[in-house]
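Taking it in order: structure first as structure tokens, then the write-up.
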Amino acid sequence: MTERWHLNRDELAAWRSFVDMHHLLHRHLGRCLQRDFGLSDSDFEILVNLSEAPGGRMRAYELGRATMWEKSRLSHHLSRMEKRGLISREMDSGADARYPQIVLTTAGRAAIESAAPANAARVKELFVDVLGPERLAVFAQASQDVLAAVEAQHRDSSDD
């Protein structure tokens, strides 16, 4: 008896394959970053966001939104990165001095510039090249469709 809320065999296989792929790929890339560059995947995510921001700086709440991290997780992780000299925190002297600016340091920029090419090469080898151009485009569109559905449901549930 198959009930409506159960996944059929094909649906379950697709879901499990996606979850397994995500976990394994994420863990592998994280281990390579740690082994080769002494960076955690969380360090890398913060450094990427800062390196792409104007002047290598973002307000903490903007960084939290970009990473989708809870405030406490972000704060603790930034403290660890600050102790290692990868980022610094500066109080904004402008209109909104309540929020610190998170600033990419020279050491942080050197770390991301060193690690990013190797990480990109691994992503290309293990993801982009495996899928090929056609399947990559389909995967990208499917991912955007799922993200939009999740965001819409999240918005609807937070309106309650």
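The values are calculated or read from the model by the stated rules, or taken from the named source; none is laboratory data. None of the values given here were measured: they were computed from a predicted structure. Every residue, glycine among them, receives a Cβ derived from its backbone with ideal geometry; neighbour counts consider all protein chains shown.
The table that follows gives values for the structure above.
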{"quantity": "Verdict on HIS26 being within 22 Å of GLU113 (Cα to Cα), surrounded by 12 or more Cβ atoms within 10 Å (Cβ to Cβ) and modelled with pLDDT of 95 or more", "calculated": "no"}
{"quantity": "Residue match in segment 143-157 (condition: of a type in the set (Asp, Glu) and farther than 26 Å from PHE18 by Cα)", "calculated": "no"}
{"quantity": "Residue in segment 14-23 that is in contact with a Ser or Thr (Cβ under 8 Å, 6 or more places away or on another chain) and exposed (fewer than 12 other Cβ atoms within 10 Å of the Cβ) present", "calculated": "no"}
{"quantity": "Near pairs, Cβ below 8 angstrom, 6+ apart or cross-chain, from segment 138-160 (more than 15 Å from MET68 (Cβ to Cβ)) to any residue that is modelled with pLDDT of 90 or more", "calculated": "PHE139/LEU131"}
{"quantity": "Subset of segment 122-141 (residues that are closer than 23 Å to GLU45 by Cβ, more than 17 Å from the chain's Cα centre (by Cα) and not acidic (Asp, Glu))", "calculated": "LEU126, VAL128, VAL130, LEU131, LEU136, PHE139"}
{"quantity": "Qualifying residue in segment 96-119 (condition: closer than 20 Å to ARG31 by Cβ, loosely packed, with under 13 Cβ neighbours inside 10 Å and without any contact (Cβ under 8 Å) to a residue 12 or more places away in the chain)", "calculated": "yes"}
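Conditions tested, residue by residue: (1) touching a helix residue (DSSP H, G or I) at 6+ places or on another chain (Cβ under 7 Å); (2) at pLDDT 95 or above; (3) farther than 15 Å from GLU45 by Cβ.
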{"position": "SER79", "(1), (2), (3)": "no, yes, yes"}
{"position": "GLU82", "(1), (2), (3)": "no, yes, yes"}
{"position": "ILE87", "(1), (2), (3)": "yes, yes, no"}
{"position": "ALA97", "(1), (2), (3)": "no, no, yes"}
{"position": "ALA110", "(1), (2), (3)": "no, yes, yes"}
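To keep it simple, each residue is scored yes or no on (1) among the basic types (Lys, Arg); (2) over 26 Å from HIS23 (Cβ atoms).
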{"position": "GLY55", "(1), (2)": "no, yes"}
{"position": "LEU63", "(1), (2)": "no, no"}
{"position": "THR67", "(1), (2)": "no, no"}
{"position": "LYS71", "(1), (2)": "yes, no"}
{"position": "LEU74", "(1), (2)": "no, no"}
{"position": "MET81", "(1), (2)": "no, no"}
{"position": "MET91", "(1), (2)": "no, yes"}
{"position": "ILE102", "(1), (2)": "no, yes"}
{"position": "ALA121", "(1), (2)": "no, no"}
